[in-house]
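First the structure, in the form of structure tokens, and then the observations on it.
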Amino acid sequence: MLDGLFDLLDQGISTWGGWQYIVFIFFLVLGIYFLVKFCDIFVDSASAIAKKLHISPLIIGLTIVAIGTSCPELAVSVSNAISALKDGTTAEIAIGNVVGSNICNILLVLGFSCIFTPIVVKKSICKREYPFLLGITALLVILGCFFSFGGYPFGITRWEGIIFVLFIPLYIGFLIYNAKKHPEDQDEVEEINDMPMWKAIILTIIGAAGIAVGGEFVVYGAQHIAVNAAISIGLDRAMVEALVGLTIVAVGTSLPELVTSIVAAKKGQNELALGNVIGSNIFNTIFVLGISAVISPLGTTNGQLFIELLVMLASTIGVFIVAKTGKIGKKTGICLLATYACFVVYLIIRTIL
């Protein structure tokens, strides 16, 4: 969508030397801001339209709001997948963004939430929602590690993407069925803003467009930072792209979940944090990764995805084991944050060496 603009920009700054990084970082930061800001606009306006159509607030919360929090990841990954399809490559940032966001949600978002207030875990979460997340995560690891394609030892093919996409209606149906069968387990739905239909439609379009543009800005900034860094200091481009996708882009697209969880913690509603993370990771996998893989196969040229997938699976299982005790405390939060710090250090060392 913005290819022409980016081509002109590249020509204009090609002689700037190291100053190019200022432009790339600017677009990366601006893109993340667009994703967070326009995601809120899209969710609020889309929810208002659904309310006007007399759709249950609970259903709105389980579908539009839940999917809306994954829009930043979707915008970045789809933009990178389209770019990879045009270039005939694999979407390094797309798959790194999904896996990195899932790891970030489990270790960073939950970790910060537990630091504020211990999370009291509902038994229903460990019986229904969390097992679904474990199953989807395990499936991603199996498909990502044991079904290679086109010389890429680890990745997700189109047919694997289709499998994940098929889980979208199944999971939404499960949420709706579960909400109606166990209304006592559902969290209170936030009040939906009331606005004229024409205004809601316009804001929904603006929100969707802003998210799409933000995604392209993030991919442009991230890819160019990776490419120029690789050229400048003699590193492997794919490794640097994977590092950027797994860290900077992943944290940036996880900001909605991080902000939501911190705000909930300050309000004494810290039990919402675990539910937010579970829902976000499920939608990241079946919605974001699934759609992106259908557009273009997702993979890493150096096969480094294996460790990241194992970290994602291990952290998901570890939090589940702690959650089974009924409480995720401050000490666990510190351990989660320390684990994330070690993971990032490992990625940096691996890229440099």
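The values are calculated or read from the model by the stated rules, or taken from the named source; none is laboratory data. Note that the structure is a prediction, hence the values are computed from the model and not measured. Heads up, the Cβs are rebuilt from the backbone with ideal geometry, glycines too, and the neighbour counts pull from every protein chain shown. For accessibility, only protein heavy atoms count, side chains too; no ligands or nucleic acids. Shrake-Rupley method; radii C 1.70, N 1.55, O 1.52, S 1.80 Å.
Where residues in the range 138-153 are in a helix (DSSP H, G or I) and surrounded by 13 or more Cβ atoms within 10 Å (Cβ to Cβ), which of them is modelled with the lowest pLDDT?
Cys145
Results for (1) surrounded by fewer than 21 Cβ atoms within 10 Å (Cβ to Cβ); (2) outside any helix (DSSP H, G or I); (3) of a type in the set (A, V, I, L, M), shown as yes or no for each residue.
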site: Met312; (1), (2), (3): no, no, yes
site: Gly318; (1), (2), (3): yes, no, no
site: Ile321; (1), (2), (3): yes, no, yes
site: Thr325; (1), (2), (3): yes, yes, no
site: Lys331; (1), (2), (3): yes, no, no
site: Leu336; (1), (2), (3): no, no, yes
Problem set entry | Filter result for the condition that a residue is under 22 Å from Val344 (Cα atoms) and at pLDDT 75 or above, over Leu203, Leu246 | Leu246
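Which of the residues that make up the range 340-353 are of a type outside the set (A, V, I, L, M) and buried (at least 19 other Cβ atoms within 10 Å of the Cβ)? Before you say what the answer is, go through the steps one by one.
Restricting attention to the range 340-353, the residues satisfying the condition of being of a type outside the set (A, V, I, L, M) are 340, 342-343, 346, 350-351.
If the condition is that a residue be of a type outside the set (A, V, I, L, M) and buried (at least 19 other Cβ atoms within 10 Å of the Cβ), then Tyr340, Phe343, Thr351 are the ones that fit.
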Exercise. Within the range 111-131, can one find any residue that is surrounded by fewer than 22 Cβ atoms within 10 Å (Cβ to Cβ), among the polar types (S, T, N, Q) and over 24 Å from Lys331 (Cα atoms)?
Worked result: no
Exercise. Would you say Gly135 is modelled with pLDDT of 90 or more, surrounded by 16 or more Cβ atoms within 10 Å (Cβ to Cβ) and part of a helix (DSSP H, G or I)?
Worked result: no
Problem set entry | Every residue from the range 73-91 that is farther than 23 Å from Leu134 by Cα, in a helix (DSSP H, G or I) and open to solvent by less than 10 Å² (accessible area, probe 1.4 Å) | Val76, Asn80, Ala81, Ala84
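Kindly indicate whether Leu110 is aliphatic (A, V, I, L, M), closer than 15 Å to Val322 by Cα and part of a helix (DSSP H, G or I).
When the stated conditions are applied, Leu110 passes them.
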Problem set entry | Neighbours by Cβ (under 8 Å, 6+ apart or cross-chain): first from the range 76-88, over 17 Å from Ser101 (Cα atoms); second at pLDDT below 85 and open to solvent by 30 Å² or more (accessible area, probe 1.4 Å) | Ser83/Gln223
Seminar exercise, completed: Reported set for the range 278-291 where residues are under 10 Å from the mean Cα position of the chain (by Cα) and either at pLDDT below 90 or among the acidic types (Asp, Glu) (or both) is Ser280
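Can we say Val165 is out of contact with any Gly (no Cβ under 8 Å at 6 or more places or on another chain) and under 20 Å from Asn284 (Cβ atoms)?
It is false that Val165 is out of contact with any Gly (no Cβ under 8 Å at 6 or more places or on another chain) and under 20 Å from Asn284 (Cβ atoms).
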Seminar exercise, completed: Taking the range 220-236 and keeping residues closer than 18 Å to Ile349 by Cα, open to solvent by 30 Å² or more (accessible area, probe 1.4 Å) and of a type outside the set (Val, Ile, Thr) leaves Ser232, Gly234, Leu235, Asp236
Exercise. Ser296 versus (1) open to solvent by less than 10 Å² (accessible area, probe 1.4 Å); (2) at pLDDT below 85: which is the lone unmet condition?
Worked result: (2)
Problem set entry | Check on Asn270, open to solvent by less than 50 Å² (accessible area, probe 1.4 Å) and modelled with pLDDT of 80 or more | no
Exercise. Based on what the data block shows, is Ile262 buried (at least 20 other Cβ atoms within 10 Å of the Cβ), at pLDDT 70 or above and under 20 Å from Ser315 (Cβ atoms)?
Worked result: no
